[in-house]
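Scroll down for the structure; my scribbles are underneath it.
The values are calculated or read from the model by the stated rules, or taken from the named source; none is laboratory data. Since the structure is predicted, the reported quantities are computational estimates derived from the model, not experimental observations. Don't worry about glycine lacking a Cβ; one is built from the backbone with ideal geometry, like all the others, and counts go over all protein chains shown.
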Amino acid sequence: MKPRHRQRILAALILTAFGTPALAAPNTVELEKQLKALQEYVRSLQSQLQAVKDAQPTTTPGAAAAGPDENVASKDDINGLQADLENFKYQLQRDRDTRTALSARALNVSGVIQARYGATDAAVNTGGNSANAVNGRNNSFDLGAVLIGFNGNLYKDYEDGRNLDYTLRFGTSPQQGTNNSFLNLIDANLTYHILPTISADAGRLSVTFGQQLLPFGQEVQATEDLKPTINNALFTSPGSLDLARRQVGLIFRGDAFPVVDYGYNYRAPILTYAFGLVNGNGPNKSDDNNNKDLVGRVALTLPSDYNSWLRQLSFGASIYRGKQNVFVNSGADLVDKGKKDRFGFDLAYNHHPFGVTYEYTEGRDEYATGTKAAYSVAERKSRAHTGTFFYNIGEQFVKGYRAQGRYDDWWPKSYQPFYRYDRFDPNTAALRDEIKVHTLGLNVFFAETSKFQLNLNRTTFAATDKTTNDLLAQFQFGF
Amino acid sequence: MISRTRLLTRRLILAGLAASVLAPIAALAADAPKVIRIGLPLVGTGNRPVGGSWNFATVQIKGSLEQEFKADGIRIEWNNFKGAGPALNEAIANKLIDVFAIGDLPGIVGKASGLKTKIIAADNRRYAYAIGVPADSQARSIEDLKGKKLAIFKGTAIQLGFGKFLSRHGLSEKDFKIINMDSNTATAALATKDVDALFTAPSALYPLEDRGVAKVIYNERHDPAAANDRGQAYVVATEDFEKAHPEVVQRIVNVLVREAAWSADEKNRSALLQLWAKSGTPFSAYRRDYEGQGFKEALSPLLDEEFVANIQRNVSESQKLKLVRGSVDAAGWVDRKYLDAALKSNGLTNFWTPLDAGGKPKK
């Protein structure tokens, strides 16, 4: 008990003891008795106090000096935290002002660069003026392609994921005998997701408006999962069926009846489809006639769980029906419009560690002969077969495996040997005009966005009865 | 002086002894893998390969397997999957993993879809789930969240835990707008109110509550109705690996059992939670999550009747909730020989009390 409390108690007791006798003066004997009683009372109080003290837990003498409760933040602690926060806010604002690329909306910047060495046993010679002439070139260092892309979100639907996205992509590729490799606009489009995208169990539908790839067949839209080669298949190039060129138009893409195996995080829609209208005359141009070309595709994937041998076995069919301007006099005189139709059938069995793809494509193009005054239109039928087999050694294509928690910049190194057979017959009515390419290659995936590719191409030209051998070695890297 | 005959005899005996000692080691060296590929569905904050709550997480953090196999030159390759159990299943289907720990639902899905595996030990068998909502949410129960955006990590044990929780309340996933998110993404989404609620482990929600951005409105650990519905995890070996390297599997189980015994000691409780806190989930969050829950019971490696009955019940629940096609015979999936040998060789045969199918100590 504190001294002050004791004094108060004693004062109260004295007042109690002497309060009443103060009215009539007591004698000495009475006073002694009262004093004794008072002493007894004090002793009794002292023993009670001691009992209370004994009942209380003992505190060590140093307990008070042990310091403040560690669970309670002091003012100094808060001041320190506040200073850290202010420093952080200042640094963040300063970095944002001076060192941060800003955009009005969400923006993802990406790029791809292909640094390539190519050698051939058929020397390249061109005529032409002195600046652009090529004189007996057997090998060359090139930039196969350089692409820079911007994409992001113009409207984000938090409720259903019916987002509005944009894509803008520029690119360049090596030019024969000239150094004019300006960046061209490749993709420029808006995509709106008509159906909700937040659930994997539901089908999806989106519409893309602008300049974009055609949803035709496999090769045109294949990612590196299905296309191991450096060069595209022959039928896609502008000299043949011209399907890889971007087109301007409006295309719907969607899927239905998805099979979702959540136990493997695997989603495979049974039906995938696309259809739309495009100008048909390539990128960065207004239409050259009043006819819009129709493109459509359906693909069926067998329903299966992830751990099934039927996983990722799909069949597809594609159609492109359009009109093109036809000319005579070596393209000098426009005379009419002719058909420009393409049909295709494809299958893919991408079952890690191996994959097989096959694609058949047929083209029907009308062309004119004669003169502007007297011309006739005929149809040319062309045909292409492309088949690829690849085998993966490593985990590059096991989606869940490569997404791991790691301390370092880890990536599963993978090797992918492959073989491709590619054949294009530009005119089935003509004899010995087809081109065949056998490609043997190896892809080495050594970092997240980088790979080394080695392709050996053996090309046979039936028209000239010549065979050439090419080697392409390329680093492709991106960000 | 020792005679030549005795010397020769002595040398022969020594050679025999040396041969008897070295032969198993040589055999092990000949059969031993160069690397053991371990899979864990646990990833910590900031993508660090560290988890918590599981015995196998403790083994990884302490480097116990590395110590066990160091002398043999066998490398331990840890694969901590961001995609949790489903990503682990994908890797197993592609033969990229030898031994792994996995939770209820993905383990069952993998087995039902034909993955050839054997359960060799139990891991955490007292897993609980909780519901977190934004701090200013008016929701006080699951009924208040009907029609709202609720995040779960589909394909993981969380989805089965959620399904069982909804069944107890007479609800189904159709009563909510379910959004599939991994745990780290989901906690961020809850903090920014992109979702109205999150169903996950309590230890993932408490840090948000401490920051004042969320509150826990339900914790299964405090719900008597959920006492027999705890989530559980187990350690599994692929049949290929188990057949090829039974002695390696045995040593892995030995390590697991020793670590489980260490965790069971209450005086190591703080040290254990400190280890798990290396995942980025604070010590205090684990402390609150496991308040009143002993680790001897929670991390018991026993493949007892309760464990097997729980798996079988979870198979039925998964089928009822249409989360799995096919079936699994839990008793046939479990292989006790490695665990029994490990308990015996470590003097732990009677350390844990086996439980019967009802969760009561077996007499």
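Checking the structure you have, find out if any residue of region A:267-281 is buried (at least 18 other Cβ atoms within 10 Å of the Cβ) and either hydroxyl-bearing (Ser, Thr, Tyr) or in contact with a helix residue (DSSP H, G or I) (Cβ under 8 Å, 6 or more places away or on another chain) (or both). Within region A:267-281 (the criterion being buried (at least 18 other Cβ atoms within 10 Å of the Cβ) and either hydroxyl-bearing (Ser, Thr, Tyr) or in contact with a helix residue (DSSP H, G or I) (Cβ under 8 Å, 6 or more places away or on another chain) (or both)), the answer is yes, since at least one residue qualifies. Residues in region A:310-346 that are surrounded by fewer than 16 Cβ atoms within 10 Å (Cβ to Cβ), more than 17 Å from A:Val295 (Cα to Cα) and under 30 Å from the mean Cα position of the chain (by Cα): A:Leu310, A:Phe315. If we scan region B:26-43, do we find a residue that is closer than 30 Å to B:Pro224 by Cβ, in contact with a helix residue (DSSP H, G or I) (Cβ under 6 Å, 6 or more places away or on another chain), away from chain A (no Cβ under 14 Å) and surrounded by 24 or more Cβ atoms within 10 Å (Cβ to Cβ)? No, there is no match, as no residue in region B:26-43 is closer than 30 Å to B:Pro224 by Cβ, in contact with a helix residue (DSSP H, G or I) (Cβ under 6 Å, 6 or more places away or on another chain), away from chain A (no Cβ under 14 Å) and surrounded by 24 or more Cβ atoms within 10 Å (Cβ to Cβ). A:Leu440 - would you say it is surrounded by 17 or more Cβ atoms within 10 Å (Cβ to Cβ) and closer than 18 Å to A:Glu224 by Cα? Against the criterion (surrounded by 17 or more Cβ atoms within 10 Å (Cβ to Cβ) and closer than 18 Å to A:Glu224 by Cα), A:Leu440 does not qualify.
In summary, B:Gln159 fulfils each of the numbered conditions (1) in contact (Cβ under 8 Å) with a residue 40 or more places away in the chain; (2) over 20 Å from the mean Cα position of the chain (by Cα) with the single exception of condition (2). Considering the conditions (1) over 26 Å from A:Ser173 (Cα atoms); (2) away from chain B (no Cβ under 14 Å), A:Glu219 is excluded by exactly one of them, (1). Residues in region A:396-408 that are under 18 Å from the mean Cα position of the chain (by Cα) and in a loop (DSSP other than H, G, I, E, B) were compared, and the one that is surrounded by the fewest Cβ atoms within 10 Å (Cβ to Cβ) is A:Ala403. The helices (runs of 4 or more DSSP H) located wholly in region B:282-336 that include 1 or more residues which are within 14 Å of chain A (Cβ to nearest Cβ) and in contact (Cβ under 8 Å) with a residue 12 or more places away in the chain occupy B:283-289, B:305-320. Listed by position, the strands (runs of 3 or more DSSP E) enclosed by region B:77-178 that each have at least 3 residues that are in the same structural domain as B:Tyr338 (by TED's automatic domain parsing) and either among the basic types (Lys, Arg) or in contact with a Phe, Trp or Tyr (Cβ under 6 Å, 6 or more places away or on another chain) (or both) are B:117-122.
The single condition among (1) in contact (Cβ under 8 Å) with a residue 40 or more places away in the chain; (2) within 9 Å of chain A (Cβ to nearest Cβ); (3) surrounded by 24 or more Cβ atoms within 10 Å (Cβ to Cβ) that B:Asn89 does not meet is (1).
The condition of being surrounded by fewer than 14 Cβ atoms within 10 Å (Cβ to Cβ) and more than 17 Å from B:Leu145 (Cα to Cα) holds for only one of B:His245, B:His222, that being B:His222. Counting only strands (runs of 3 or more DSSP E) that sit completely within region A:117-219, those holding 2 or more residues that are more than 28 Å from A:Gly282 (Cα to Cα) correspond to A:137-155. Take A:Leu440 and decide whether it is part of a strand (DSSP E or B) and either more than 25 Å from the chain's Cα centre (by Cα) or in contact (Cβ under 8 Å) with a residue 40 or more places away in the chain (or both). Criteria met by A:Leu440. What's the total number of residues in region A:261-290 that are outside any loop (DSSP other than H, G, I, E, B) and either more than 24 Å from the chain's Cα centre (by Cα) or more than 14 Å from every other protein chain (Cβ to nearest Cβ) (or both)? Looking only at that region, the number is 10. Suppose the filter is within 24 Å of B:Asn268 (Cβ to Cβ), at pLDDT 95 or above and in a helix (DSSP H, G or I); does B:Ala57 pass it? In short, yes.
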